[in-house]
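Below is one structure, written out as C-alpha cells, with a few remarks after it.
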Amino acid sequence: MEPTTRKQTAVAPRAWVLRRQPDNGEDVAFAMTATKPDALLAADPQLAELISAEEQRQAQTLKLIASENYVSAAVLEASGTVLTNKYSEGYAGRRYYEGQQVIDQIETLAVERAKSLFGVEHANVQPYSGSPANLAVYLATAAPGDTVMGMALPMGGHLTHGWSVSATGIWFNAVHYDVRKDTGRVDMDQVRQTALAERPKLIFCGGTAIPRTIDFPAFAEIAREVGAVLVADIAHIAGLVAGGAHPSPVGHADIITTTTHKTLRGPRGAMILSNEQYAKAIDKAVFPGLQGGPHNHTTAGIAVALGEAAQPEFRDYAAQVVANAAALADELMARGFDLVSGGTDNHLILIDLTSKGIGGKPAAKHLDNAGLEANYNTVPYDPRKPFDPSGLRLGTAALTSRGMKEAEMREVARWLDEVVTAAAADPDAVDATITRVRGEVTELTGRFATPGLDR
Ligand code: DSN
C-alpha cells in the first residue's frame with residue numbers, strides 16, 4: 001500500500017507507522033515525527049505506534065483544555081535528549097556528582113532566562129511540576145500546623161493551596177476565600193476579613209479555573225497587613241504575564257510559582273521565582289528538602305521555551321490567546337451559555353451548563369467524541385459533585401499556538417453549542433451531530449499545522 005499522510009509535512013518523515021483504523025479496518029500510514037523515530041520504531045514498534053497515534057489524535061483534535069498547549073519542535077527536541085542520562089543533585093557549581101561541565105551551563109542558562117523574562121532576582125527551575133513547587137514553598141516558609149490561606153478549590157483554586165484532600169490541607173491549618181455568588185469574582189473584602197481573622201502565615205493567589213485578572217497589588221496589601229508571605233501561583237497565566245497580556249505579580253508577591261507547560265508553552269515542569277530574600281530557603285526546600293536530581297532534559301526544554309517567550313512574536317501570541325478567548329466567550333454567550341463571571345480576561349472560560357440541562361461530564365465526553373477536547377469542572381457554589389459537576393472549562397492557548405484566530409473561535413463555539421444542545425435534547429440521538437461536527441473539525445484541523453509535529 002502506498003503510504004498516505006494525514007497531511008503534507010514540510011520535511012520528509014523519517015519513519016512510517018501503519019495503523020489499522022477501527023471504523024473501516026483500513027491500514028493508514030502516518031509519519032513518526034519524534035526525535036530519532038527510526039530507533040524507537042525498530043526497538044519498540046508497539047510503543048512507537050502508540051506515540052504516533054497520539055500525535056495523530058493531537059493533530060486532529062481541537063485542544064481546548066485550558067492547562068495544555070503544543071510545544072515547539074525545538075522544545076520537543078531539547079526535552080528528548082541524552083540529558084536524561086545525567087544525575088545532578090545540587091545546583092550549578094555545587095553538585096554531588098561529577099561530570100556537570102555541560103549540565104551546569106544548561107541549568108544556568110534556564111535560570112538566567114527565567115530571571116530576565118520575568119524580571120526577578122532568583123529562579124529555581126528544578127521543581128518537577130506545579131504541586132512539588134508549591135510544596136517547596138510551604139517547606140521554605142511555614143511549619144506543619146501553621147495557618148495558610150488560598151482560594152477554595154471549587155471556586156477555582158488549586159489542591160495545593162490547602163484543599164482538604166491534599167497534603168497541604170492535611171498538614172496545615174488551611175482556610176479559604178471564595179468568589180462572590182453574584183459576580184463570580186474574588187471578593188477582596190472577604191479575603192481581607194478572613195486574613196485578619198485567621199492571620200495566615202502564607203496567602204496563595206491564583207488557581208486553575210479563574211477567568212478574571214488577578215489583583216496582585218490588592219492581595220499584596222492584605223498580606224502586608226497581616227504579615228503573611230504572598231505566593232502568586234501563576235501556572236495558568238505565566239505565558240500571558242511573560243507576553244504582557246496579564247499584569248505581573250513581580251513587585252507584589254513575595255514568591256511566584258508556575259508550571260512551565262501551560263500558556264508558557266514549555267515542557268512539563270515548574271519554576272519558583274523570588275527575590276534574594278527567599279532564594280536560599282527555596283533552593284534548600286527543593287533540594288534536598290523535597291526532590292532528588294533535577295530532570296535535566298526538562299531543564300533544557302524549559303530554557304528553550306523561555307528563550308522563545310522572550311521573542312517579540314510571543315507578545316503577539318499572548319495577546320491573540322486573550323483575543324481568542326474573548327471571541328469564544330462572546331459567541332458562547334450569544335448562543336445562550338452562562339459563563340462564570342460573565343466572560344473572561346485571560347485564556348480561560350468556565351461555562352455553567354445548568355441552564356443547558358446537561359452536566360459537565362457528559363458534555364465533555366460528547367465533545368471529545370466530536371473532536372473538541374475540554375474538561376468538566378466544578379463551578380462556584382456547584383450543587384453537583386466534583387466528579388459530575390455543572391461546569392466545562394475551556395482555554396485558547398493551544399488553538400492559538402496552531403495559528404487559529406477569532407473566526408475559528410466562532411466555529412468552535414458553534415460546534416460546542418450544536419453538540420451540547422443535541423446531547424441535552426436526546427443523548428441517544430446525538431451521534432449524527434457528533435459525526436457531522438467531527439468531520440468539520442477534521443477539515444479545520446487539517447488546515448492548521450500542529451507545532452512540534454508538522455516539520
Ligand atoms: N491540572 C492543572 C489544570 O488543569 O489546571 C492544575 O494542576
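Only bridges whose two residues both fall in the chain count here: according to DSSP, what percent of them are antiparallel, nearest 5? Mind dumping the intermediate values first?
Values: 27 of 43 bridges.
Beta bridges within the chain, antiparallel portion: roughly 65 percent.
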* Asked: Over its Cα atoms, what ratio of radius of gyration to 2.2 N^0.38 Å does the range 217-264 give?
  -> 1.18
* the chain, helix-only ellipticity at 222 nm - DSSP H runs n ≥ 4, -39,500 (n - 2.57), divided by all residues, nearest 500 -> -13000 deg cm²/dmol
* So which of Lys181/Lys262; Lys63/Lys365; Lys63/Lys405; Lys63/Lys262 end up more than 18 Å apart by C-alpha? -> Lys181/Lys262
* To do: Please report, in cubic angstrom per residue, the volume enclosed by the convex hull of the alpha-carbon atoms of the range 275-350.
  => 166
* Structure fact -> Length-normalised contact order of the chain, Cα under 8 Å, at least 6 apart, in percent, tallies to 20
* Could you state the per residue volume, in Å³, of the convex hull enclosing the Cα atoms of the chain? -> 144
* Asked: So what is the relative contact order of the range 339-455, in percent, for Cα pairs below 8 Å that sit 6 or more residues apart?
  -> 27
* Asked: Straight-line reach from Lys280: which lysines have a Cα under 26 Å away, not including same-chain ones fewer than 8 places off?
  -> Lys86, Lys115, Lys201
* Taking the convex hull of the alpha carbon atoms in the range 168-325, what volume per residue do you get, in Å³? -> 129
* To do: Counting only heavy atoms of the protein chains, get the accessible area per residue of the chain (1.4 Å probe) and round it to a whole Å² value.
  => 42
* In whole angstrom, how far apart do the alpha carbon centroids of the range 418-434 and the range 336-408 sit? -> 17
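In units of 2.2 N^0.38 Å, what is the alpha-carbon radius of gyration of the range 116-156?
Taking N as the residue count of the range 116-156, the ratio is 1.46.
The values are calculated or read from the model by the stated rules, or taken from the named source; none is laboratory data. Small disclaimer: the values here were computed from a predicted structure and weren't measured. SASA here: full protein model, heavy atoms, side chains in, ligands and nucleic acids out. Shrake-Rupley method; radii C 1.70, N 1.55, O 1.52, S 1.80 Å.
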